[in-house]
Amino acid sequence: MPRPSNHMMPTFPSVLKIGNREVPVLFQPNLTDEAGNQLMGFYDMGNPRIVISSGMSSLATVETFWHELMHAIFDYTRFGVDMAMEMRDEDSPEMDAFKVEERAAENLAKTFLQVIQDNNIGNIKT
């Protein structure tokens, strides 16, 4: 028989500071895309905001929060644009993979630390 859980849903900030941006974090029931497909969450690049489906388990909610935060950081650091420009070179697939990993580590390490510290979100757990 399953044990009752004493875990409460973690508390999330309503706005995240990412560099010089303020990115709202919204929770919405029955979250779907334009085609009606169920979504766990999304990051809106056109109107920087993170939207997470409400009513999910604590684990799914926390994982979705961190996933969408990564998209927001990628957008802020222009990760995709930089990688597309770098990969125009005619390097080997191995060198392209190395470039992606190095750029990701560099951008994420600096920006992720800044976001965690500025928003005091290192304590979000399942």
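State whether the residues of region 7-15 include one that is part of a strand (DSSP E or B), aromatic (F, W, Y) and surrounded by 11 or more Cβ atoms within 10 Å (Cβ to Cβ). Scanning region 7-15 turns up no residue that is part of a strand (DSSP E or B), aromatic (F, W, Y) and surrounded by 11 or more Cβ atoms within 10 Å (Cβ to Cβ).
Okay, residues lined up against (1) under 22 Å from A72 (Cβ atoms); (2) part of a helix (DSSP H, G or I); (3) not basic (K, R):
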position	(1), (2), (3)
R88	no, no, no
E94	no, yes, yes
A97	no, yes, yes
V100	yes, yes, yes
R103	yes, yes, no
N107	yes, yes, yes
F112	yes, yes, yes
N123	yes, no, yes
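The residues of region 18-58 that are part of a strand (DSSP E or B), in contact with a helix residue (DSSP H, G or I) (Cβ under 9 Å, 6 or more places away or on another chain) and either of a type in the set (A, V, I, L, M) or at pLDDT 95 or above (or both), listed by number, are I18, V23, V25, F27, G41, F42, Y43, R49, I50, V51, I52, S53.
Within region 60-78, being buried (at least 18 other Cβ atoms within 10 Å of the Cβ) and under 17 Å from I124 (Cα atoms) holds for T61, V62, T64, F65, E68, L69. For region 53-76, filtering for residues that are without any contact (Cβ under 8 Å) to a residue 40 or more places away in the chain, hydrophobic (A, V, I, L, M, F, W, C) and over 20 Å from G19 (Cβ atoms) leaves 2. Just for region 1-17: of the residues that are aliphatic (A, V, I, L, M) and either within 29 Å of T111 (Cα to Cα) or at pLDDT 95 or above (or both), which one is farthest from the chain's Cα centre (by Cα)? Selected residue: M8. Restricted to region 31-59, and to residues there that are β-branched (V, I, T) and surrounded by 14 or more Cβ atoms within 10 Å (Cβ to Cβ), the residue that is nearest to T126 (Cα to Cα) is I52. Reported count of residues in region 79-96, each being at pLDDT below 80, among the aliphatic types (A, V, I, L, M) and surrounded by 12 or more Cβ atoms within 10 Å (Cβ to Cβ), is 2. Of F65, F79, F98, F74, all but one fail to be under 24 Å from T11 (Cβ atoms) and of a type in the set (F, W, Y); the exception is F65.
The values are calculated or read from the model by the stated rules, or taken from the named source; none is laboratory data. Predicted model only: the values in this text are computed from it and were never measured. Glycine also receives a Cβ, built like all others from the backbone with ideal geometry; neighbour counts cover every protein chain displayed.
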